[in-house]
Amino acid sequence: MTTMIPSQARPTGGSTMRRSVSWLKTNLFSSPTNTVISLICIYILWEILSAVVGWAIVNASFSASKEFCGDVSGACWAFVHDNYRFLLFGTYPLDEQWRPLIAIFMLVGGILISMNRRFWSPWLAVAWIVGFVVMYIILGGGILGLERVSSTNWGGLTLTLILAVVGIAFAAPLALILALGRRSEMPFVRVICVVFIEVFRGVPLISVLFMASLMFPLFLPDGVSIDKLLRAQVGIIFFQAAYLAEVFRGGMQAIPSGQYEAADALGLSYWQKMSKIILPQALRLVIPPTMSTFISLFKDTSLVTIIGLFDLLAATKAAINDPTWRQQYIEGYVFIALIYFCFCFFMSRYALYLDREMHKGMSH
Amino acid sequence: MDSKHPSDASRPLMALLYDKTVRSIIYQVLVFGGVFFLGWYLVSNVQTNLDEQNIATGFGFLDREASFGISESVIAYSPESNYGRALLVGILNTIKVSLTGIILASIIGTLIGIGLVSKNWLVRFIGKTYIDVFRNVPLLLQLFFWYALITNGLPGVRQALNPLPGTFLTNRGLYLPIPADNPAWFWVFIAFIVGIIGAFVLRKWSFKRLEATGQVFPHLSVGLGIVVGLPILTWLLFGAPIEMNVPALQGFNFQGGLNMSPEFFTLLLGLTVYTATYIAEVVRSGIQSVPKGQSEASTSLGLKPSWTMRLIVLPQALRVIIPPLTNQYLNLTKNSSLAVAIGYPELVSISNTTMNQTGQAVEGVAIFMTVYLGISLLISLFMNWYNKRMALVER
């Protein structure tokens with residue numbers, strides 16, 4: 001807020017009190033119309049805030065048991081207390097739930113490590129692939145004395161995170177290939193990439209998921225079947241890769257042709273030119289839209305609910321279909337909305353930070 | 001690497017391998033072969049699978065009786081109608097909810113977008129909070145939430161909420177009053193269309209006159225007068241009917257008026273609230289893209305504030321706004337397919353039922369993918385045309 005203070009406000013003489021008064025004057029009460037608008041806004045905010053706080057905190061029951069919920073008019077947070085394991089792990093066998101817990105820690109830990117630019121190297125990609133294999137073994141079991149757990153029992157937040165992180169990890173390289181292909185000089189390669197991108201961008205994600213769940217089994221030879229989770233995952237990857245490819249292409253188009261020509265003049269090969277000259281500049285330009293594609297990928301994982309996978313949203317739906325909790329649907333949806341919100345908000349803030357970081361020292 | 005190098009000439013085969021064109025042809029043949037083989041393999045698998053499972057192929061099922069009901073439809077439909085008609089109902093329902101959603105989301109999004117550049121800190125704060133909250137929560141979750149709230153949270157028909165006279169909110173949807181049946185309304189509508197055409201003709205004529213004589217004709221206010229005035233005049237000519245068709249409780253439900261089903265209402269609400277956040281950002285960036293110097297220069301040339309807005313700022317802002325805006329409209333249309341989760345009978349939902357009944361998944365998916373692809377292509381064609389028209393003509 002302090003940045004909002006205009007320069008004419010005395011910087012040294014004024015107390016905090018006086019400064020805030022002058023801030024209020026310039027930002028809220030500069031004219032009669034502005035004052036009226038401000039008062040209306042304050043009224044609206046007060047109404048919303050008091051309703052939300054009243055429901056979620058003041059009039060809510062925080063006890064762990066549902067018995068006390070009858071007495072309160074607000075939220076009954078016993079819902080979360082009773083269902084959190086179900087929301088986190090879905091129908092994973094109760095005694096084995098330490099395994100998805102490890103998976104969640106691995107995924108979140110991996111994301112936090114990957115966010116740090118110090119760790120950016122080809123080894124990070126190798127570490128991720130090893131990490132995915134380890135995670136698959138931990139979740140699926142069947143070897144090393146771990147009990148076998150079919151992927152139909154993976155669920156809740158674990159499944160949502162798997163779909164999102166694996167989706168991002170594979171959609172990004174695929175998008176890069178598609179973007180390069182679309183800008184390639186080989187006509188046939190270009191046509192294939194254009195058709196792939198435009199088809200996936202032209203249809204809703206749900207139709208891609210229907211295709212993966214209903215139609216894809218028909219494409220396989222007799223006796224071969226691919227896990228439904230994997231099919232949905234591939235659908236998500238293809239769909240988002242098409243969007244991401246257009247983002248990357250935009251970045252490549254924004255690089256002046258002088259850069260391409262200079263690289264050619266230096267005698268660099270195509271791959272050297274792309275990996276050393278063009279892509280480092282192009283990808284830096286498109287950090288914000290790339291991140292918003294990742295955010296929509298994360299949000300869109302919720303669509304697998306429709307084709308019958310048991311992600312966070314589906315788990316919540318199942319939890320509030322339980323007769324005990326039928327009245328607590330608002331608590332359920334608000335709670336997981338907060339989870340989704342935290343992840344997405346965090347990602348968007350990270351995008352802003354990264355964009356600033358990457359452009360440090362770029363301007364003269 | 002250079003194919004003209006003398007040592008390469010002695011090994012022509014190797015030289016060929018290093019030739020750029022030859023390489024590119026080899027790559028393309030490999031890619032083509034891979035794609036062709038994959039396609040052939042998948043198609044042959046589909047054929048064997050379909051033969052084994054005794055599923056018919058082709059679009060013959062479109063003529064067969066659908067024998068399932070559809071809760072709401074713009075055109076006449078009964079379970080005896082065929083699948084083709086059912087799918088048409090779905091397409092029309094998709095268009096219905098998308099168009100209404102686009103109009104509402106544009107209005108709300110524009111208002112919030114203007115709020116985001118307001119001088120008032122509180123207005124900006126409310127706008128930003130709205131965007132952060134609704135943008136960072138999956139649309140499907142929002143739809144489930146609104147649907148649960150409407151079907152469980154709202155009172156039954158007998159205790160209906162009555163926020164405005166004649167308007168009722170119940171767990172069976174929203175009931176709105178509409179003007180009663182009267183031939184006058186048809187002619188008012190005709191007058192409205194005539195008014196719009198008249199305004200356009202007037203605009204053309206006034207521009208021509210401006211270029212010929214330099215005289216300014218207030219075509220905007222006069223045009224607006226025609227568009228609004230003509231229908232009102234027609235309405236008065238017909239004796240100014242004011243009778244309204246107000247929904248009224250009869251037996252177990254409301255009769256009369258306009259009824260929005262809970263599914264339609266939920267979908268409309270969800271799509272509007274969600275897409276408005278994106279439209280607001282588009283509008284904000286459009287407004288901020290016009291440098292302040294433009295309006296200052298225009299003022300110093302002596303143009304009135306309203307002209308500055310209309311002739312200098314808006315055309316430049318719209319050039320930035322329109323392309324991403326059409327993208328959002330397209331997204332809204334595609335997102336309307338989430339209705340399958342709450343049971344609003346739009347295209348994907350009806351295709352889904354059709355696929356379950358006939359087992360013809362390939363055809364079902366093909367139909368709705370074609371429809372959506374068609375809509376996307378139409379809109380991108382429009383976009384290209386628009387971009388060409390609006391592109392800066394530089395010397």
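Translational diffusion of the stretch B:203-243 was estimated from the Stokes-Einstein equation, with Rh taken as the Kirkwood radius over Cα pairs; at 25 °C and 0.890 mPa s the coefficient is 204 µm²/s.
For chain A, the convex hull drawn through the C-alpha positions has a volume of 239 cubic angstrom per residue. Put a dot 7 Å past the Cα of B:Thr326, heading toward its Cβ, do the same for A:Leu268, and the two dots end up 3.5 nm apart. Electrostatic bookkeeping for B:Gln288 treats Lys and Arg as +1 and Asp and Glu as -1; over the other residues with beta carbon under 13 Å from its beta carbon, the sum is +2. By the count of neighbouring beta-carbon atoms within 10 Å, fewest first, B:Val216, B:Val89, B:Val320 end up ordered B:Val216, B:Val320, B:Val89.
Within chain A, the cysteines lacking any other cysteine Cβ closer than 4.7 Å to their own Cβ are A:Cys41, A:Cys193, A:Cys342, A:Cys344.
Computed extension length for B:Asp63-B:Leu220: 51.4 nm, one decimal, from 0.36 nm per residue of separation with the Cα-Cα distance subtracted.
Rounded to the nearest angstrom and ordered from largest down, what semi-axes does the equivalent ellipsoid of the protein assembly as shown get from its C-alpha gyration tensor (root of 5λ)?
44, 38, 34
The Cβ shell under 13 Å around A:Leu205 holds other residues with a net charge of +2, Lys and Arg each +1, Asp and Glu each -1. Measuring spread by the Cα atoms of the stretch B:6-52 yields a radius of gyration and Dmax of 18.7, 62 Å.
Please work out the Cα center distance from the stretch B:194-211 to the stretch B:213-287, rounded to the nearest Å. The stretch B:194-211 and the stretch B:213-287 have Cα centres separated by 24 Å.
Look at B:Phe382, B:Phe168, A:Phe335 and count the other Cβ atoms within 10 Å of each Cβ; fewest to most, that gives B:Phe382, A:Phe335, B:Phe168.
Cβ-to-Cβ counts within 10 Å put B:Lys292, B:Lys208 in ascending order as B:Lys292, B:Lys208, the fewest first.
With the highest mean first, a sort of the peptides A:327-333, B:111-117, A:215-221 on other beta-carbon atoms found within 10 angstrom per residue produces A:327-333, B:111-117, A:215-221. In this simple spin-label approximation, A:Asp322 and A:Arg118 carry label points 7 Å from Cα along the Cα→Cβ vector, and these lie 4.4 nm apart. Measuring between their Cα centroids, the stretch A:38-89 and the stretch A:158-211 lie 41 Å from each other.
Between the C-alpha center of the stretch B:123-176 and that of the stretch B:77-106 there is a gap of 22 Å. Estimated from helical segments only, the mean residue ellipticity of the protein assembly as shown at 222 nm is -21500 deg cm²/dmol, where each DSSP H run of four or more residues counts as -39500 (n - 2.57).
Let me spell out the model: positive unit charges on the Cβ of Lys and Arg, negative unit charges on the Cβ of Asp and Glu, origin at the Cα centre of the protein assembly as shown. What dipole size does that give, in debye rounded to 20? If you can, show how the numbers build up before the last one.
Numbers: 52 positive and 39 negative charges, 628 e Å.
Once rounded to the nearest 20, the dipole reads 3020 debye.
Between A:Glu47 and A:Lys25, what is the FRET efficiency for a Förster distance of 22 Å, r being their Cβ-Cβ separation, to the nearest 0.05?
0.30
Using the Cβ-Cβ distance between A:Met186 and B:Glu243 with R0 = 60 Å, the FRET efficiency computed as 1/(1 + (r/R0)^6) comes to roughly 0.30.
Rounded to the nearest 0.05, what FRET efficiency do B:Phe207 and B:Leu301 give with R0 = 22 Å and r taken as the Cβ-Cβ distance? Could you check? Can you show the working numbers first?
On the way: r = 20 Å, r/R0 = 0.90.
Given R0 = 22 Å and the Cβ-Cβ separation, E is 0.65.
Mind checking the log10 I(q)/I(0) for the stretch B:239-356 at q = 0.10, 0.19, 0.20, 0.22 Å⁻¹? Debye, one equal scatterer per Cα, no solvent, two decimals. Listed by q, the Debye log ratios stand at -0.61, -0.99, -1.04, -1.13.
Every number in this text was worked out from the coordinates using simple rules, so none of it is lab data. Values in this document were obtained by computation on a predicted structure and should not be read as measured data. Because the Cβ atoms are built from the backbone with ideal geometry, glycine has one as well, and the counts that use them run over all protein chains shown.
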